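A quick write-up on the structure given underneath.
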Amino acid sequence: MTESTDAVKIADQALRIAKLVAPSADVQVNVHESSEGNIRFALGVVQSCGEESELGVNIRMVFGKRSASASSNQTDEESLRSLAERVASMAKSSPEDPEIMPLLGPQKYAQAPIAFDPAITTVTSASRTGVPAAANHIFSESGLVGAGFFEYAASEYSVANSSGLRASSRETSLGLQMTARTPDGAGSGSARGESHLVSGIDAVACAKVAAKKAKQSAHPKTLEPGHYTVVLEPPAVAELLGFLFNSLDARSIDEGRSALSRHGGASPLGELIASPIVTLRSNPADPDMPCAPFDGEGLPREPIVWVENGALKSLSYSRYWAAKQGKKPTSMGGWHLTGGVAESTDELVKGVKRGLLVTRFWYTRHLDPQKGLITGLTRDGVLLIENGEIVGPVNNFRFNESPFNMLKNCDAMTRKTTRVSSFFLTCVPAIRTNSFNMASISVAI
Amino acid sequence: MKIDRRELLIGAGALAATACASRLPVSFGAFGAAPKLSPAVAEAIHRAIESAKRAGASYVDARVVRRKWETVSTREDHIEWVSYRETYGIGVRVIVNGAWGFSSASRVDGASAESAALRAVVAAAANAHVSERPVVLAPAPLIKGSWVSPCATDPFAISVAEKGEYLIDLWRSARSVPGAKFGAGHITSLGEWKVFASSEGSLLEQKITRIAPSFSVTAIDPSIEGFESVRSELAPSLGGWEYVAQSNLKQNAQQLAENAVKKLRAPAVVAGERDLIIAPSNLWLTIHESIGHATELDRALGYEMDMAGTSYATPDKLHKLRIGSPIVTFYADKTTPGGLATCAWDDDGVETYRWDLIKNGVFVDYQTTRDQAAWIHERKSRATSYAQDHKSVAFQRMPNVSLAPSRSDISVDDIIAATDDGIFATGTNSWSIDQQRYNFQFSAQMAYEIKKGKIVGPVRHFAYQSNSIQFWNSCDMIGGPKSWELGGAMDDGKGEPMQSNAVSHGCPPARFRRVNVLSTRNS
């Protein structure tokens, strides 16, 4: 990794140039400086790798009700001038947007959480090969084949605008994912890990979990589709939970085109949309997933309670819709799902008379937006549970189910939560939920 | 073969718009002579290749890529979003001790390129220690030339005003329909300019322009529960602004709104095993997911197991597995006119061409790259290597994969007339398939009940679910050449880190017997 350059300095430089190009424009500059690398491996070889340090600049200009934005990774003086001229030309040419909001002025941000790990500089093109080395060793010892991906980045975000707003933040992020399969293709398991800390990534532990899952899932028996009690491991929970976010958009609800829209325009706030044990919060200073204390507009991210004891407490407002409705605009950190008391996933399994333990979901998509219905498939291990014990692997399923039902029918969760990002940062427990619609069989392994 | 810097600078008409003698129709694009590069690009490529070779690389390629992406979005009668993104840089890929290494730089000059090349060499040397088998490249002829995709009017030269007004005008047509409450328009333009040079001596320049217009309408009726949206079915395409200007979007905007209202008021589909007639505007995505991805060799062998998954089409099934009925033939073709994946050479520098994947229903071939051909004892790459930008490593990406039309002049009306009881589906909506490409489920923009050879009316909450092999084996009618259309996506994802690939799929309408139809309302 290379030393980071000064994103703040580039933001100020781009702002100065943009104002010279278009003195009458309101201007905002967002800079993202990153130094990142990755390595990808499969079947005993390194497939690809990459590393680059890059600085991306986005300039947005507003002329009254007209605006446009443009970004580039070329940050010399001439390139910035050219970029500013392009934005000015596009913005002036754009039809008007009556919903345009003025740029934010100076903001106060909460004490920035420490999201940056200086140890990121110890990750190099040589040291990262330790990930495939560890995985290859464990998979080989287990009589399995496997693959994986490790990526890491140090980033700096900086925002500067002509209304006096200045914000900057640094963070590191590391992610690891592995899949192990039996050589005959009869079993497949996966595991993942992510952290803002270098020490939070454990390739050996990840490979061991993937290997264990591959063996556990091998030679599945056929089980008919139907509604099952399921214990969902954190990756499955995070994947389905992420779809909830769009449903919380206040404007869509008010306009009658959200799963939370109510007849006659009634507000869903206060409704029990989840089991009483469920609480969903976001907090930029969450120690498990710290992030920048501001969003792309420079709006301060604040702690938000979305669902408390099952009741809907907050909706998401854009700046425009908030102003129109007299509400506060939303700027959030990662989602943290809490409320569980179970000490382990095993404890959740013990409470199941007949059901399924699901490792993760795959290829999830909206199916019926009016019901918040999502379709997708199970992957990398579905285990049949009978009388509180895992009996053995069964086939994968396609599910047609909604995150609302997942949370409403949830009767237990683990106390421990795990950081698993899907659409955005989330920290979720394993959960047990009933009457989960496994709609058809997938013979894929 | 050593590339000489002087050679890089000396070219004939770079990217000349005049077509040279070509093996392909002019609609495919225009070939030109070897490129004449700017001094900065020539210097960067020269130093990348020579420094990597001096440092021990047995193979080197360098790609200088400029990628432009513009989106103009409207909401009802006003602009919602105008954005432009451009990236520029050089990516250097090397083989050292039999292992790949890659690195990139966002500055295109000699020093930055050399630095990237040396980082790639260091990485490759480290990777070699944890790689059990060496990379083997299939032979590729040395080629020098340039190519420009067909584009009469550069979409980036069309003002935001014109694009915005075009989209707002669609809403003006749509809003006259009672019940049409919301409208959203988008025009996305994608431009790629790239130079590829290899240590073997190939030197290629390509300029590719793609465009994707779309418009959707949402209908709400207070007396009926819920809402329904319908999106235009015009495919994204290789081409420029002329594709939008000559399209039927404006003529169809009001009809689109009427369809949204009709869909909202339509009865729920009757679930069960039904005969399905699928229009090209929906079937292209089913082809993409169930055939296109299934015949990627890296997936089939397990190299994509960690992300995209594997495939039902494993090498032991070549020339044996019946994936479709005997009337079903699929071919791959990166030279299809208008195809989003169409180009003259892939990102390995190999000339593109057409070949069969499924012949008369039987699985006969894969999509490969230079480093994959040897895995199945082939000596020729199928030229399907692609990298989305300079900082992404090139790997196997889907070419245009298409369903061949029937030889008979069969129209969609003929297929409907021949169907006693079924559903006719158009336009893509929800889509999902498992990691081995067996179980898929798709919905549609519009679905219509068919009774006794006639369309009765639209139905709501429609989706179909099947197994790829079962589905294609149930195909018993395929439209003729006149009914063949391209569909496609600008942003097919694959790889880690995820890369985006634009790809098209041509097909006629086709009929499938006894497919599992579900009503999402009862799911």
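No lab work stands behind these numbers, since they all come straight from the coordinates. Computed from a prediction, not measured in an experiment: that's the story for all the values here. Here Cβ is always computed from backbone atoms with ideal geometry, including for glycine, and neighbour counts include all displayed protein chains.
Using the structure shown, list the pairs from A:K328/B:K68; A:K328/B:K262; A:K208/B:K317; A:K221/B:K317 with a Cα-Cα distance above 27 Å, or answer none. Intermediate results must be reported in sequence, preceding the final value.
On the way: A:K328/B:K68 36 Å; A:K328/B:K262 38 Å; A:K208/B:K317 32 Å; A:K221/B:K317 24 Å.
From the list (A:K328/B:K68; A:K328/B:K262; A:K208/B:K317; A:K221/B:K317), the Cα-Cα distance tops 27 Å for A:K328/B:K68; A:K328/B:K262; A:K208/B:K317.
Find how much the distance from B:I327 to B:K454 grows on full extension, using 0.36 nm per residue of separation minus their present alpha carbon separation; answer in nm with one decimal.
Numbers: separation 127, 0.36 × 127 = 45.72 nm, distance 2.44 nm.
In short, 43.3 nm is gained.
At a Förster radius of 35 Å, what calculated FRET efficiency corresponds to the Cβ-Cβ distance of B:E378 and A:T121, to the nearest 0.05? Could the numbers behind the result be given before it?
Values: r = 43 Å, r/R0 = 1.24.
Calculated value: 0.20.
Considering the zone a paramagnetic label at B:D154 would reach in this model (a point 7 Å from Cα along the Cα-to-Cβ line), which residues of region B:77-93 have amide N under 17 Å from it?
B:84-88
Can you sort A:T417, B:T295, B:T286 by how many other beta carbons sit within 10 Å, fewest first? Don't jump to the answer; show the numbers that get you there.
Working: A:T417 20, B:T295 25, B:T286 28.
With the fewest neighbours first, A:T417, B:T295, B:T286 line up as A:T417, B:T295, B:T286.
Could you name the aspartates and glutamates whose alpha carbon sits less than 15 Å from that of A:K19, not counting residues in the same chain fewer than 8 places away?
Answer for A:K19, where 15 Å is the Cα cut-off: A:E77, A:E78, A:E85, listed by chain and number.
Place a point 7 Å from Cα of A:E78 in the direction of its Cβ. Which residues in region B:83-114 have their backbone N less than 20 Å from it?
B:86-90, B:105-114
May I ask you to derive the relative contact order of chain B, considering only C-alpha pairs under 8 Å and at least 6 residues apart, and to give it as an integer percent?
Details: 1486 pairs, mean separation 78.9, N = 523.
About 15 percent, as a whole number.
Using +1 at the Cβ of each Lys and Arg and -1 at the Cβ of each Asp and Glu in region B:272-522, identify which of B:H390, B:L357, B:A374 lies farthest towards the dipole's positive end.
Comparing the listed Cα positions along the dipole, B:L357 ranks first.
Within region A:342-421, list the GluC sites (Glu not before Pro) lying in a DSSP loop whose Cβ has at most 12 other Cβ atoms in a 10 Å radius. Spell out each step's value before the answer.
Working: sites: A:E343, A:E347, A:E386, A:E389, A:E401; in loops: A:E343.
For GluC sites (Glu not before Pro) across region A:342-421 that sit outside H, G, I, E and B with at most 12 neighbouring Cβ atoms in 10 Å, the list reads A:E343.
If you average the sequence gap of Cα pairs under 8 Å that are 6 or more apart and divide by the length of region B:38-170, what percent do you get for the contact order?
Working: 230 pairs, mean separation 34.4, N = 133.
Relative contact order for region B:38-170 comes out at 26 percent.
For A:R365 and B:V270, what does the FRET efficiency come to when R0 = 22 Å and r is the distance between their Cβ atoms, rounded to the nearest 0.05?
Numbers: r = 23 Å, r/R0 = 1.07.
Rounded to the nearest 0.05, the efficiency is 0.40.
Set the Förster distance to 41 Å, then compute FRET efficiency between B:Q251 and A:D6 from the Cβ-Cβ distance, nearest 0.05.
Working: r = 54 Å, r/R0 = 1.31.
It comes to 0.15.
Distance between Cα centroids, region A:12-70 to region A:377-445: provide it in whole Å.
A separation of 38 Å, based on Cα centres.
Fully extended, how many nm does the chain gain between B:R85 and B:H129 (0.36 nm per residue separation, minus their Cα-Cα distance)? Intermediate values should be presented prior to the final figure.
Working: separation 44, 0.36 × 44 = 15.84 nm, distance 3.83 nm.
Gain on stretching B:R85 to B:H129: 12.0 nm.
In straight Cα distance, which lysines are under 24 Å from B:K144, not counting same-chain residues fewer than 8 positions off?
Candidates past the 8-residue exclusion: B:K2, B:K36, B:K53, B:K194, B:K207, B:K334, B:K380, B:K391.
For chain A, what's the relative contact order in percent, using C-alpha pairs closer than 8 Å and at least 6 residues apart? Let's see the in-between values first.
Values: 1178 pairs, mean separation 67.1, N = 445.
Contact order relative to length: 15 percent.
Quick check: from the Cα gyration tensor, does the protein assembly as shown come out rounded (a/c under 1.5), prolate or oblate?
Numbers: a/c = 1.14, a/b = 1.10, b/c = 1.03.
Verdict is rounded for the protein assembly as shown.
Please give the residues of region A:95-113, grouped as numeric ranges, whose backbone N is less than 12 Å from a label point set 7 Å along the Cα-to-Cβ vector of B:D491.
Taking a point 7 Å out along Cα→Cβ of B:D491, no residue of region A:95-113 has its backbone N under 12 Å.
First select every other residue whose beta carbon is under 15 angstrom from the beta carbon of A:E78; then total the charges, Lys and Arg +1, Asp and Glu -1. Let's see the in-between values first.
Numbers: positive: A:R16, A:R81, A:R86, B:R107; negative: A:D76, A:E77, A:E85, B:E86, B:D109.
In short, -1.
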